[in-house]
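Data block below; observations after.
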Amino acid sequence: MTRSLAELWRVSRLSLSILKQMTVERGPRETAAFAWLGLCRALQGKPLPQTPDINRLLWTHYDWSRGGHEWSDSPAWTASVVDHLLIPHVPMGSRVLEIGPGAGRWSEPLARRASRLVLVDVTPRCIDLCRRRFQALPQVECVLTDGTDLSAVAPGSIDRVWSWDVFIHLQRSDQESYLRQCGALLAPAGRGLIHHTVAPSGRGWRSVVPAEQMVQMCRTSGLEVVRQFTTWGDGRWATPTPADLITVFAKA
């Protein structure tokens, strides 16, 4: 029971701004139905289902005023991700795909290195935020997806894939769909870096796919896992939770 109440508290805190906006935009009846689903799942010790429709609803009505930095509110940690992971992973002039940019937290440093940056998101609001944020940068394209489809990106046209704080919210079948398409759209010698969850962490809205299953999904998608790790910078920095993992893959 203690675990369920703790999960309920976490879900309630994250849902507050969503429910307020939903009430205004979609009415009290639909908001109440959504809140009831979240309450029942939390009392069972379960997160909300990780379907594209649920994710679209959640992140459309999420308060993006802090740009996503609220999940790891440390400028030093954010800088470490850019310096130790993003910059080494994305050579200057790369053609880059970012899956799930949100409000563009990582898109900004990616845009400084990319000759082409394609941002795909399931949430119309995030696409709108990114279009406005990067409207002066002709190399940035914003594409609305249904949560599984990357067909707007031509096969062999991408050098690097980046996705952070996204696969943790996708059900396994949708992760598999994205990986399969990454295998097709990556150019020879192309690589991807994704942040995902491999074990229960007690935090809401996280989808667990063990590390060995991620390796297998990559393999069947024409991708080879190069490295999986949780720390960087000689162990000084780490993933948001010990249950998270970073997987780097290359086109096989």
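Annotation note: of Arg227, Arg160, Arg180, the sole residue that is crowded, with 21+ Cβ neighbours inside 10 Å and either part of a loop (DSSP other than H, G, I, E, B) or modelled with pLDDT of 95 or more (or both) is Arg160. Restricted to the stretch 41-51, and to residues there that are under 23 Å from Ile127 (Cβ atoms) and surrounded by fewer than 19 Cβ atoms within 10 Å (Cβ to Cβ), the residue that is modelled with the highest pLDDT is Thr51. When the stretch 83-111 is filtered for residues that are of a type in the set (Ser, Thr, Tyr) and part of a strand (DSSP E or B), only Ser94 remains. Condition check: closer than 28 Å to Thr239 by Cβ, free of Cβ contacts under 8 Å to residues at least 40 places away in the same chain and in the same structural domain as Thr239 (by TED's automatic domain parsing). Does Ala136 satisfy that? Answer is no for this residue.
When Pro240, Pro200 are screened for being touching a residue at least 12 places away in the same chain (Cβ under 8 Å), surrounded by fewer than 16 Cβ atoms within 10 Å (Cβ to Cβ) and part of a loop (DSSP other than H, G, I, E, B), only Pro200 passes. For the stretch 123-141, the criterion of being small (Gly, Ala, Ser) and crowded, with 17+ Cβ neighbours inside 10 Å is met by no residue.
Collect the residues in the stretch 163-177 that are among the acidic types (Asp, Glu) and in a loop (DSSP other than H, G, I, E, B), keeping them in residue-number order. The answer is Asp165, and nothing else. Taking the stretch 97-116, which residues are buried (at least 16 other Cβ atoms within 10 Å of the Cβ) and either under 22 Å from Asn55 (Cβ atoms) or hydroxyl-bearing (Ser, Thr, Tyr) (or both)? Listed by number, the residues that qualify are Leu97, Glu98, Ile99, Gly100, Pro101, Gly102, Ala103, Gly104, Arg105, Trp106, Ser107, Leu110.
Remark: pairs (first residue in the stretch 82-100, more than 13 Å from Trp164 (Cα to Cα); second residue polar (S, T, N, Q); Cβ separation under 7 Å; 6+ apart in sequence or on different chains) = Gly93/Ser115; Ser94/Ser115; Arg95/Ser115; Arg95/Ser157.
Regarding the stretch 53-64, can at least one residue be identified that is in a loop (DSSP other than H, G, I, E, B), in contact with a Gly (Cβ under 8 Å, 6 or more places away or on another chain), at pLDDT 70 or above and of a type outside the set (S, T, N, Q)? Looking through the stretch 53-64, at least one residue is in a loop (DSSP other than H, G, I, E, B), in contact with a Gly (Cβ under 8 Å, 6 or more places away or on another chain), at pLDDT 70 or above and of a type outside the set (S, T, N, Q).
Considered as a group, the residues in the stretch 203-224 that are modelled with pLDDT of 95 or more and in a strand (DSSP E or B) include one that is surrounded by the fewest Cβ atoms within 10 Å (Cβ to Cβ), and that residue is Glu224.
Sort through Val96, Val90, Val153 and tell me the only one that's touching a Pro at 6+ places or on another chain (Cβ under 9 Å) and over 17 Å from Arg56 (Cβ atoms).
The match here is Val90.
Restricting attention to the stretch 112-149, the residues that are more than 19 Å from Arg66 (Cα to Cα), part of a loop (DSSP other than H, G, I, E, B) and modelled with pLDDT of 95 or more total 5. Summed over the stretch 88-114, the residues that are more than 21 Å from Asp146 (Cα to Cα) and touching a strand residue (DSSP E or B) at 6+ places or on another chain (Cβ under 6 Å) give a count of 8.
The values are calculated or read from the model by the stated rules, or taken from the named source; none is laboratory data. The structure presented is a predicted model; accordingly, all values stated were derived computationally and were not measured. We place every Cβ from the backbone using ideal geometry, glycine too, and count neighbours over all the protein chains shown.
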